[in-house]
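None of the figures in this text is laboratory data; all of them are computed from the coordinates on show. Model, not experiment: these values are computed from the prediction. Every residue, glycine as well, gets a Cβ built from its backbone with ideal geometry; the counts of neighbours run over all protein chains shown.
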């Protein structure tokens with residue numbers, strides 16, 4: 001230990017010793033604090049880490065002496081005088097400090113001194129400003145986020161919750177993690193946000209039950225998404241909670257959060273006006289998810305991204321498509337600024353500037369498994385998708401269905417074998433379509449050309465994306481089988497030919513649900529229906 005460090009240590013030991021017997025503003029304590037501060041300034045000029053020394057001076061020179069004082073004297077005027085004197089001494093240290101990490105600590109401690117001011121004292125209102133400044137200078141200290149959430153008057157539930165979560169995500173997290181649970185237990189919170197947090201931070205849940213509860217949250221979001229709430233802020237909190245779930249409970253918990261939060265964003269995009277606030281949050285979400293997916297699976301010794309399910313990859317691709325379209329739309333009229341490593345505000349809820357959005361775009365291009373690249377030619381969109389994993393369309397050879405068809409062929413009352421729908425029916429009669437897909441008596445077929453038509457419409461019609469998403473979910477569950485074909489009639493023809501050998505007793509092998517069945521030319525083994533008519537007939 002250097003001579004300067006030894007002197008500083010000795011002054012702190014004397015402050016700790018005399019603090020038990022001397023009054024806090026005695027000449028001895030004042031002299032020792034002054035000598036310790038002077039010695040600390042000398043240490044801070046050296047190429048060493050002084051963070052622990054700054055904390056030590058705060059504890060023995062200011063925090064403990066004030067605690068001893070307040071136990072013995074509750075005079076408001078003397079308290080204000082003492083705290084004002086302490087603030088002046090620490091402000092002097094702040095004035096001579098050049099490193100951001102040290103300035104952040106002095107701001108944090110000055111904020112604490114203002115927070116200790118008696119209620120009604122004007123200086124008490126300055127505490128949130130100093131906590132905010134500490135976060136801007138160095139966001140590693142979780143206590144600054146926590147105390148800001150406590151001292152912010154008039155802040156809404158989502159903002160305070162966001163700060164609570166950030167206090168746990170910080171490099172030096174807030175020690176009392178139970179404070180977050182206590183805050184979530186308050187009765188005046190946002191019900192949807194509270195339910196999501198309790199779900200995401202549920203320790204050791206049964207995986208299946210956890211995923212089912214996540215589906216309920218998605219359905220709840222669908223019913224509330226058009227209500228007047230600050231959804232970008234709420235989704236931003238969900239994003240941070242997912243990071244905390246990953247930090248506390250690992251990858252599987254995060255993967256469940258990815259499925260649910262991504263569904264929130266996809267639903268929001270299909271129902272609401274896009275804003276800069278939404279764009280900034282969804283870019284941050286893609287960056288966070290990309291970082292997790294790019295980390296190594298220690299069991300398989302490969303990035304988690306490689307083991308994503310087909311359904312998760314499809315959702316990932318759809319989300320990236322939407323974000324790219326949103327970015328391209330915005331920067332068609334704005335100029336993308338240079339990559340400047342502009343810090344992204346952690347607690348600012350205002351509409352992001354073009355400078356912040358430009359930096360977010362640059363951050364997006366740097367993720368481990370990049371999903372987009374920058375196009376530099378004039379007259380082109382800003383971004384282009386790359387590394388897009390083709391969704392497996394789950395085409396199943398007709399021969400693989402022979403066993404199921406054979407089992408059904410002895411049921412004389414069972415008509416038909418297959419049910420397929422045209423684009424108009426799927427898109428405009430979605431409620432009835434889902435009822436049909438839920439019936440186990442049929443093999444539901446999705447003609448590939450129908451999926452292609454829907455895919456071509458998704459940029460022009462917001463209602464198409466949720467429909468495509470539902471079809472992908474049903475494919476993943478095995479409730480719909482996609483058949484490659486040139487058109488619906490070609491698909492029906494293939495199905496009839498495949499079933500003839502094992503289902504001779506069936507007069508109607510294929511039920512073709514379409515917009516105008518009366519206008520369709522007859523086909524052997526195929527019966528044309530309007531979907532409501534078909535469903536009514538089935539019920540009868």
Taking Cα atoms only, helix 448-457 is inclined relative to the longest principal axis of the chain by an angle, in degrees rounded to 10, of 50 degrees
Note to self, the chain gives a 222 nm [θ] from helices alone (DSSP H runs n ≥ 4, -39500 (n - 2.57) apiece, / all residues, nearest 500) of -18500 deg cm²/dmol
Each label sits 7 Å from Cα toward the beta-carbon; between residue 519 and residue 334 the label points are separated, in nm, by 4.5 nm
Restricted to the chain, the DSSP antiparallel beta bridge percent, nearest 5, is 25 percent
At R0 = 22 Å the Cβ-Cβ FRET efficiency linking residue 3 and residue 99, nearest 0.05, sits at 0.50
Checked the stretch 3-175 with the C-alpha gyration tensor, a ≥ b ≥ c its square-rooted eigenvalues, rounded below a/c of 1.5, otherwise prolate if a/b is larger than b/c and oblate if not; verdict oblate
To the nearest 0.05, the calculated FRET efficiency linking residue 195 and residue 215 through their beta-carbon distance, R0 being 22 Å, is 0.95
Expressed in angstrom and rounded, the centroid-to-centroid distance over alpha carbons for the stretch 351-387 and the stretch 236-275 is 21 Å
Between the modelled labels at residue 473 and residue 353 (7 Å from Cα along Cα→Cβ) the distance in nm is 4.1 nm
Looks like the chain, by Cα gyration tensor root eigenvalues a ≥ b ≥ c and the a/c under 1.5 rounded cutoff (else prolate when a/b is bigger than b/c, oblate otherwise), is prolate
Rounded to the nearest 10, the angle in degrees between the Cα long axis of helix 354-365 and the longest principal axis of the Cα atoms of the chain comes to 60 degrees
Taking r as the C-beta separation of residue 157 and residue 273 and R0 as 25 Å, the FRET efficiency to the nearest 0.05 is 0.60
To the nearest 10 degrees, the tilt of helix 3-18 (Cα long axis) against the first principal axis of the alpha carbons of the chain is 80 degrees
Quick note, the stretch 432-495: a/c under 1.5 would make it rounded; otherwise a/b > b/c is prolate and the rest oblate (a ≥ b ≥ c, C-alpha gyration tensor); here it is oblate
